[in-house]
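Written below as structure tokens is the structure these notes are about.
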Amino acid sequence: MELEVRHLRALCAIADAGSVRKAALQLGMTQPSLTTQLRRIEGAVGGLLFTRGQTGSRPTPLGHSVLSRARPIIAEMSALMAAARDAAAGAGGARLRVGSLGGRVVTGWLRRLHARLPDTDVAIHIEVSAGTLLQLLATNQLDAAFVHETEGFPLHIPPGVEQRVLMTREPRFVALSATHPAAAHPVVGIAELADEAWIVDPAADHEWSALQRAFTTAGIDPRLMHVRDTTTAADLVASGEAIRACQPTAEAGPGTVLRPLYGDPLTVELSLATRPGALSGPETDALFCDLADAYRSLAYANPTYRSWLHRNGGMLPSP
């Protein structure tokens, strides 16, 4: 077997994620498929690249040697593809490449970008991982990205990438069935939900770690459901089978309500990350203003979040 760029990407994903399971989720593969691929790669290079244990997968000395050569190759290939796309876009007109984690703010942001830049080809890339978006920025595959950083779990910011903070502490609310006893309360204590099953997306950056910290602080150990499909997650919440943490700008689905958690044990920082040279200062300012305006519109239109803002000083980002 000859090594290809996809094989090198798989090795780097395993090293960065710390386990084959997490890397498989990021790569959109099954764990058995990635394990088989890793074995074939190790057979091709003639040695063990990772040691596997209860704490995850760690590179062996040979693995470190291969990874040190693989990363520059991947970066060069990413840069080559980005340059080719830039050249193609240049032949057809202006282009803006933005990325974001999922959320309702994306639609409003895109609508404002299209209205302000009618002659620009605006491409959007949605990811579940802020770390992935930052790597896409660093390798010239995106011009800007809307990212979230979980409090207590700092993001790794690649050299050269700049951030402009939109909101320092956005709370996470909890979505639960409208028939749940806690739905009658304006604010819910996390300890009240100790007997519930909490939905967790295993691919989301630090979501489980942040929840575990909040559970430990509250002295509870609830059950978990690993669910990536948003439709299934919404149905489970509406039926009363589970609850989940959610963005405060989210819209309550049929049969569900959103409630703030007492003391805001789960918060994130929102920011716009940009790559130097991709946009001018005025262009970055305008992009940030579009994002901030989209966020404010959602926040004020959501009665639950609007009430939370009033109780907490009503602070929202300014353009």
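The values are calculated or read from the model by the stated rules, or taken from the named source; none is laboratory data. As the structure is a computational prediction, the values presented were derived from the model and not from experiment. Methodologically, a virtual Cβ is constructed for each residue, glycine included, from the backbone with ideal geometry; neighbour enumeration extends over all protein chains shown. Ligands, DNA and RNA are excluded from the accessible area calculation, which covers all protein heavy atoms including side chains. Shrake-Rupley method; radii C 1.70, N 1.55, O 1.52, S 1.80 Å.
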query = Given Leu34, Leu49, Leu11, which one is of a type outside the set (Val, Ile, Thr), open to solvent by less than 20 Å² (accessible area, probe 1.4 Å) and in contact with an Asp or Glu (Cβ under 6 Å, 6 or more places away or on another chain)?
reply = Leu49
task = Within segment 193-209, track down each residue that is closer than 27 Å to Gly28 by Cα and either among the β-branched types (Val, Ile, Thr) or modelled with pLDDT of 90 or more (or both).
result = Ala197, Trp198, Ile199, Val200
request  = Return the pairs, sorted by first residue and then second, in which the second residue is open to solvent by less than 40 Å² (accessible area, probe 1.4 Å) and assigned to a strand (DSSP E or B), the first residue lies in segment 253-266 and is touching a residue at least 12 places away in the same chain (Cβ under 8 Å) and aromatic (Phe, Trp, Tyr), the beta carbons are less than 8 Å apart, and the residues are 6+ apart or on different chains.
outcome  = Tyr262/Val188
inquiry  = Quick check on my filter: what residues within segment 137-167 are closer than 24 Å to Thr107 by Cβ and open to solvent by 40 Å² or more (accessible area, probe 1.4 Å)?
reply    = Gln141, Glu149, Gln163, Arg164, Val165
ask   = Could we say that Pro260 is at pLDDT 95 or above and more than 30 Å from Leu137 (Cα to Cα) here?
value = yes
query = Restricting attention to segment 103-119, and to residues there that are within 28 Å of Ala84 (Cβ to Cβ) and open to solvent by 30 Å² or more (accessible area, probe 1.4 Å), which single residue is nearest to the chain's Cα centre (by Cα)?
reply = Leu110
message = Take Gly93 and tell me if it is loosely packed, with under 14 Cβ neighbours inside 10 Å, in contact with a strand residue (DSSP E or B) (Cβ under 9 Å, 6 or more places away or on another chain), closer than 30 Å to Ala123 by Cβ and at pLDDT below 90.
response = yes
message = Can you pull out every residue in segment 189-212 that is farther than 20 Å from Leu101 by Cβ, assigned to a helix (DSSP H, G or I), open to solvent by 50 Å² or more (accessible area, probe 1.4 Å) and of a type outside the set (Gly, Ala, Ser)?
response = Glu192, Gln212
